[in-house]
Amino acid sequence: MRIRRVFQVTGIVVVVLVVIGVGIYFAIVSAINQDPFAPIYAENCAVCHGENMQGGAQGPALVGAPLVHGESVAELIQSISQGYPAKGMLGWSATMEESHVRSLAILIAEKRVDRQFTDFKMDKDLVVPTEPFETELATFRLETVATGIDPYPFSIAPLPGGQILVTEKKRGLSIIYPDGTRSDPIDGAPETSELGIKILGLDYGIGWHLDVAPHPDYATNGWIYLHHTDLCTGCEGVKDNLLPVSMNRLVRGRIREGKWVDQEVIWSVPETFYNLTPDIGAGGRIAFDPEGYVYLSIGIKGGYFEGIQDLGAPYGKIHRIHDDGTIPVDNPFLHIAGALPSIWTYGHRSPQGLEFDSKTGKLWGSEMGPRGGDEVNFLQPGKNYGWPLYSIGVDYDGTPVEYWKDLGIEFDLEDIEQPVVDLTPSPAVSSFIIYDGKAFPAWRDNFIVGSLKATELYRIEITDDKHMHTEILIKDLARIRDVETGPDGLVYLLLEHEAGSLIVRLVPESQ
Ligand code: HEC
C-alpha cells in the first residue's frame, strides 16, 4: 500500500541514512581533512618541485604552466615512474607503489585545474555573462530562459511549441512556458519526497523525479516518459527497516489540462530491490532510439559496490526495453539464467548522461568516477564497464578502486571496456547531447558535455569511436545538470544553484 505523505527529517532518519552501507559519505568526510597523498608529495617531491608545486631550484613548476612531458594522468604517471635522470629526477617506479604513483598523478592533475574534489560549487556566484563567447568554431551568447527553479533540479526537455518540461527532484514535474513563467507541479505524477539529508552541501534524498523525455512521436502520441525513484511507503519490511525505501522506475503518461493522466509503468523491479540508499547515485537518464527502444541508466542505487557486477540485480546497469516495456528478443543476457532480461551493459557507477546517436546507431553514456575515472563510454551490448572492480581514478581517500578484493571477483582488465574519453581529474561529468541541430552547423555530431563541480561545458569530437579533441566552451559558469537540444536547434543548459536554479540557452551570434 502506498500513502501520499511528506516525511519529516527526524534525528533517527538522519542517523539511519548516514549509517547505511554507502561508504561514499565516510570516504569523503574522512578524506576532507587532508588528502592522504599530500604528505607523500611533501616528503618526496616538494624538495625540488616546491611545497605547492610552484617549482624550485632543482625542479620545474608542476602547476601554472604547460608541462613539457604531457599533462594527462597517463603522461604524468609516465613522468613520475620513469623520471628524467639526465635532468636530475630519478624514476620512482622502483621505489614507490604503482598505486601511489597514480594517486600523485591525480593530485597534480587536480591541482593544475585548481579543482578540489570536495568542492561541489553549490554556492559559487552564479552570474550569466552578457558578453559573447568566442570559441574555436562558433560565437554565441547565453540567454536566460527561466529562473527560480528549485536548487535540486534534474532534467529539462524542450518541447515543440516552446514549452519546456522540467523535473525538480523534490518538487516533481512542471512546465515552463515560453514567457519564462511556470506551472505548479503536475498533479497526479508520481509522488516525491522531502526525506533526506545534506552532507557537504549536497542533498541525499529518496523519492525523486529524475529524467523526463518526450517520446520521439510525442507530437502524435503525447507520451512523456519519466524516470523517477519510486518511493514505497508500504515496503517497510524490505531489508528489515522501518523507513520508506525507493528504487528506480520508468513510467509514461500524458499531461492533459495540467494533470498527469494515462500513467503506465514501463519498467520496474520487485520490492526486494527497493532500499534506503540515497537517490544521488541512482543515475536516472532516459534515451530513445528511432526504432522504438528505450534505454535507462541506473547507478549505485543498491550501495557503493553492491550488485553492480551481479546480473541478477538492477543496479549499475544500462537497461534496454521496447517503448511499451516489453523485453527485446535480442537483449544480451536474455538467455542467461538468473540475469535480469532488460540489462544492456553493466559495471556502471553514476551514469548521468545517456544518448543514442541515430546517425551511427550507437548508444553513448557518461558517468562519474570517484576521484578521476569520469568517462564517456560507447555502450556495447553485454559489455562490462568496470565499476567497482577497477577505475582509472582513485577512491576519495586516494586509494585505488579494487573492490574485487571485497567481492571475491577475479577479472581480466582486458574484459573491462575502457572509456572513449577519460575525464580525469573529475569534472563531475553530467549529461550530454550529440549535437544535430541547425543553429551551430560547425558542432554537428560533436558531444556537448556538461559538468557539475568543474562548472564547465565541453565540446568533444569523437570520430570512429576515438577521442580526437576537447574544447572548453564555457568555463566557470555553474553546475550544469542537464544539456538538451531544443526544437530550435539551440543548446539548453539546466544550471544548478542553491539560491535557485536557471535554464539558459546558447544562441549563435550573427557574424
Ligand atoms: C631531485 C629533484 C626532483 C625530485 C625529488 C622530483 N623531481 Fe620531478 N622533476 C625534476 C626535474 C629536474 C624535472 C624536469 C625534467 C625535464 O625538464 O625534462 C622533473 C619533472 C617532473 C615531471 C614532468 C614535468 C613536465 O614538465 O612534464 C613531473 C610530473 C614530476 N617531475 C613529478 C615529480 C613527482 C610526483 C615527484 C615526487 C614523487 C618528483 N617529481 C620528484 C626534479 C625532481
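Which value in Å does the Kirkwood hydrodynamic radius of the range 34-112 take, with 1/r averaged over all unlike C-alpha pairs and then inverted?
12.4 Å
Hey, what angle do you get for helix 98-112 against the long axis of the chain, alpha-carbon based, 0 to 90 degrees rounded to 10?
Orientation of helix 98-112: about 80 degrees from the principal axis.
Can you send over the carbon and sulfur percentage of the accessible area for the chain, probe radius 1.4 Å, protein chains only? Spell out each step's value before the answer.
Details: 11010 of 21260 Å².
So the carbon and sulfur contribution to the accessible surface is 52 percent.
With Rg and the Kirkwood Rh both taken from Cα atoms, where does Rg over Rh land for the chain?
0.96
So what's the angle, to the nearest 10 degrees on a 0 to 90 scale, between helix 73-82 and the longest Cα principal axis of the chain?
The angle comes out at about 20 degrees.
So for each of 323-330, 245-252 I average, over its residues, the number of other beta carbons within 10 Å; can you give me the resulting order with the highest mean first?
Final packing ranking: 245-252, 323-330.
State the answer as a single residue: which of Gly338, Pro388, Pro132 lies farthest towards the positive end of the charge dipole of the chain, with beta carbon charges of +1 for Lys and Arg and -1 for Asp and Glu, about the Cα centre.
Going by the Cα projections, it comes out as Pro132.
Write down the accessible area per residue of the range 75-190 in Å², having rolled a 1.4 Å probe over the full set of protein chains.
Spelled out: the 1.4 Å probe surface of the range 75-190, per residue, equals 49 Å².
Nearest 500 deg cm²/dmol is fine: what mean residue ellipticity at 222 nm does the chain get from its DSSP H runs of n ≥ 4 alone, each adding -39,500 (n - 2.57), divided by its residue count?
My calculation for the chain gives -3000 deg cm²/dmol from helical runs alone.
Strictly under 4.7 angstrom between C-beta atoms: which cysteines of the chain have no such partner?
Among the cysteines of the chain, those whose Cβ sits 4.7 Å or more from every other are Cys45, Cys48.
What lysines does Lys87 reach when the alpha-carbon gap must be under 25 Å and sequence neighbours fewer than 8 apart in one chain are set aside?
Lys111
Beta carbons within 10 angstrom, averaged per residue: use that to sort the peptides 443-450, 154-161, 414-421, highest first. If you can, show how the numbers build up before the last one.
Details: 443-450: 22.4, 154-161: 19.9, 414-421: 15.5.
Highest to lowest by the protection proxy: 443-450, 154-161, 414-421.
For the range 236-394, how big is the tail of P(r) above 18 Å, as a whole percent of Cα pairs?
In whole percent, the share of Cα-Cα pairs in the range 236-394 beyond 18 Å is 59.
Evaluate the relative contact order of the chain (contact order divided by residue number), counting alpha-carbon pairs under 8 angstrom at least 6 apart; express in whole percent.
14 percent
Would you mind calculating the gained length between Ala38 and Thr147 on full extension (0.36 nm times residue separation, minus the Cα-Cα distance), in nm to one decimal?
Length gained, Ala38 through Thr147: 35.2 nm.
Are any of the pairs Lys198/Lys317; Lys359/Lys466; Lys170/Lys453 more than 19 Å apart by Cα-Cα distance, and if so, which?
Lys198/Lys317; Lys170/Lys453
Based on Cα positions only, what radius of gyration and what Dmax would you give for the range 76-218, in angstroms?
In Å, with Rg to one decimal and Dmax whole: 23.3, 71.
Can you figure out the FRET efficiency of Leu67 with Lys87, using R₀ = 22 Å and their beta-carbon distance, to the nearest 0.05?
Given R0 = 22 Å and the Cβ-Cβ separation, E is 0.95.
Arrange the peptides 187-199, 122-134 so that the one whose residues have, on average, the most other Cβ atoms within 10 Å appears first.
187-199, 122-134
The values are calculated or read from the model by the stated rules, or taken from the named source; none is laboratory data. Every value quoted in this text rests on a predicted model; they were computed, and no experiment measured them. We place every Cβ from the backbone using ideal geometry, glycine too, and count neighbours over all the protein chains shown. What goes into the accessible areas is simple: the full protein's heavy atoms, side chains included, and nothing from ligands, DNA or RNA. Shrake-Rupley method; radii C 1.70, N 1.55, O 1.52, S 1.80 Å.
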